[in-house]
Amino acid sequence: MTQPHVKSDDLLITRETVDVSNCDREPIHIPGYIQPHGVLFVLQEPALKIVQVSENTKERLGRPPKNFLNKPLSSLLSKADIHAVRQCLAGDFEYVNPLQLTLSTPHGPITAHSIVHRVSDMVILEVEFGQDAPAKDDITYFDFYRQVKAPIAALQNAATLDELCTQLVTSVRHITGFDRVMIYRFDPSGSGEVIAEACHTDLEPFLGLHYPASDIPKQARHLYTLNHLRLVPDATYDPVALVPTLNPITKAPLDLSWSVLRSISPIHTEYLHNMGVRASMSISLVRDQQLWGLIACHHREPKLLPYFLRTVCEFIGQMAAFELTSKADHQDQAYQIKLNTLKTSFFESISKQTDVLKALTESPTNLLNLVGATGVVIALQDECVVLGKTPSNDHLKTLIDHLTPRLQEEGVVQTICLAQEYPEAESYSDVGSGLLAMMVSNAQKFYILWFRPEVNQTVTWGGNPNKPAIDQENGEVRLSPRKSFSAWQETVHQTALPWKFSEYEAALELRSAIIHVALRHAAEVSKLNLELERSNIELDSFAYVASHDLKEPLRGIHNYSSFLMEDYAEVLDAEGVSKLQTLTRLTSRMEDLIDSLLHYARLGRAELAWQPIDLNLLVQEVVELFKITSGNALEVAIHPLPTIQGDRTQLNELLTNLVSNAIKYNDNPVTKIEIGCLEPAIAQRTRRERPKIDFQEAAHVIYVRDNGIGIEALHLDDVFRIFKRLHTREAYGGGTGAGLTIAQKIVERHGGKIWVESAKGHGSTFYFTVRQNSV
């Protein structure tokens, strides 16, 4: 017998690229073939016209495929049966699968079980032959009840998960008569273990054996979640092709994911042959919408199980899946209670904090115990906070870089054998074989990584799990299923204990709690910012109006003081003149202060005239003005500066203030000033060293450095306060003390930050940032 192989470019592999994962690329849902114990019709609505049919109609129905194509279904079925098909498609409870249909053939009518379902815009009608089951009308609710009553009661009475699984395999074997019935449980990696078995006494037991993920590849596991029961009555069958090969409506292979007659993979056929199995049936155990395991049934002879009994087994499997959840949770109940208690207190403490990082690290054991980890890393921006046993900082950086694309796409990444997918992890398997990584915020590069150490263990496989590669005559290579299923032991290294589903859920709940706190904090900050913006606008308006309106009476006081000194100089004595002179001097100073305040207020109200500005030219213009008055006593070094977007007038004033201060507060014979832009690497280091400044990563950092008198450390925060002078009123040329406040306002209006580094007697360096794209 020759099994046809589906040809696909994805399956053309070479000796160099052969790998067990190649099985995952076989398109088993579109094989183009069915099993021969039935006939398949593809129908187009609304007329139910036959557009595709299996090639075996001549043998089964006495007419070749061409006699059915493009004909209405009424050429095969009676009006009553056509009505039954339509009602089944409409979801009428009186007409459900299997339908008992009578097919017209040259040799007389044939009655058979039929299954009808939709795939996209197509209707698939499958007719099964060779069943000795009673007609549907003869099967009552009580027949079904008698079949399922005892098994369901046994499942419900089972005290533990192990007991439930044992009852399940015993019941299914009793109902079906298969030689062997097993429960096969999947682990997170896709491999699995036989955890329960009921079999004929002369068969070698498979209980406790493990099987690799490639034995049931991922696309097969996906089909098991769609179609919960799969039957192969005779694995030695010759597959039957569909005519035509491509569906004439979709121009593509027919999707047989939900078909009961779908032909199985040639690799799986060979696999069953190597196990000595002629007939098999699989019932899916789906828990929380995930494939938890399978009830796998094997028989040494061909066996076509009636549809009625298949339905009974599928129902029992679904009930068992419900019980699995409660039994598994009960088995893990103590741990669940402990975890729930931890989550309640931990999440409550987080919700009360505004600093999430502080909340996470306040009690390190809480963050570790939340998922049963021995080490955890909180990565925020480019910094890492490490708790417990983790890889080194250098290893963490490269690991996070490796994980970032997957975390951005999937949100959560988990593995119990990190070295398998990331070989560099071999060097720290003693602390980081197991990994549960979670993205909290992509924008902030906020990730949490939990680690577990390796646990060396001996695993007993059902035969060598490595599939041998076989060279074909045409030069291709294909994977051959294992021929031996005898127990084969392997010591597994670099593998951690698996992450529990409850731990995975706890990690997701933690992320939700963090996001909730962050959103609440953001809302509070946004509200405060709106209030602050409103207050600033009102303050600017008040400062503008007040300073503008104060100038008139102040000018009157100044003028009347001058008039008194001129007109009554002979009447006033020396003390009176002195007091009037003091009054005049004070009004002049007050007018200067009001002018500074008015200018500061105008800065906040004026619209910025954005334009490209070459800072090299602007700085040169500013420096030239000071050189005219300072001559050789001023030396200025200008390093290359960027071109930015900004308001030329305001940036000119900013630089003028900074250069003016560098000259004013200097008692050296020669004033030396250096103006430049930090290199990106230095700017990045500066940003990390000054987290309180919080300037943008992409910002240019401009500096103005001098050799002046410097500023004491305790006054560094005071220099930007309006009207704050660190010296006597007349020292160093006097002034109102508003220059640096105005400089700060200009920088902030351009979206930047300004700060100073200085030491008394060693000069000062003023830094300010400007965005690369400020518009």
Report task. Sort 279-286, 174-181 for me by packing, meaning the mean count of neighbouring Cβ atoms within 10 Å per residue, highest on top. Result -> 279-286, 174-181
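Please compute the Kirkwood hydrodynamic radius of the range 303-447 from all pairs of different C-alpha atoms, in Å with one decimal.
Evaluated on the range 303-447, it is 18.2 Å.
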Report summary line: Taking protein heavy atoms only, a 1.4 Å probe, and rounding to whole percent, the accessible area of the range 618-693 owed to carbon and sulfur comes out at 52 percent
Query raised in the report: Accessible surface of E362 in the full protein assembly, 1.4 angstrom probe, to the nearest 10 Å²?
Result: 110 Å²
Requested in this report: Using per-residue counts of other Cβ atoms within 10 Å, averaged over each peptide, order 248-261, 369-382 from highest down.
Outcome: 369-382, 248-261
Report summary line: The answer for the range 239-280, accessible area per residue at 1.4 Å probe in Å², is 38 Å²
Report summary line: Hull surface over four for the Cα convex hull of the range 117-256, reported in nm², is 12.4 nm²
**Report entry** Whole-Hz couplings from phi, Karplus 6.51/-1.76/1.60, listed for the range 679-690; x for Gly and Pro
**Finding:** 4, x, 5, 5, 4, 5, 5, 4, 5, 5, 6, 10
Report summary line: Descending accessible area (1.4 Å probe), largest on the left, turns K58, K760 into K760, K58
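Ranked by accessible surface with a 1.4 Å probe, highest first, in what order do T582, T166, T741, T404 come?
These residues rank, largest area first, as T166, T582, T404, T741.
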Query - Dipole magnitude of the range 102-216, debye to nearest 20 (Cβ charges: Lys/Arg +1, Asp/Glu -1, about Cα centre) - result: 320 debye
Query raised in the report: Counting only protein heavy atoms, what percent of the accessible surface of the range 171-249 is carbon or sulfur at a 1.4 Å probe?
Result: 56 percent
Report summary line: Expressed as a percent, the accessible surface of the range 40-125 that is carbon or sulfur, using a 1.4 Å probe and the full set of protein chains, is 52 percent
Requested in this report: Please work out the average accessible area per residue across the range 304-439, using the 1.4 Å probe convention, and give it in Å².
Outcome: 47 Å²
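Please compute the length gained on full extension between K58 and L357, using 0.36 nm multiplied by the number of residues separating them and subtracting their Cα-Cα distance.
Details: separation 299, 0.36 × 299 = 107.64 nm, distance 7.30 nm.
Here the answer is 100.3 nm.
With a 10 Å radius around each residue's Cβ, average the other Cβ atoms per peptide and rank 288-301, 676-689, 417-430, 567-580, highest first.
Going by the mean number of other Cβ atoms within 10 Å, highest first, we get 288-301, 417-430, 676-689, 567-580.
The values are calculated or read from the model by the stated rules, or taken from the named source; none is laboratory data. In this text the structure is predicted, and so the values were computed from the model without any measurement. Counting neighbours? That spans all protein chains shown, and the Cβs are built from the backbone with ideal geometry, glycine included. Ligands, DNA and RNA are excluded from the accessible area calculation, which covers all protein heavy atoms including side chains. Shrake-Rupley method; radii C 1.70, N 1.55, O 1.52, S 1.80 Å.
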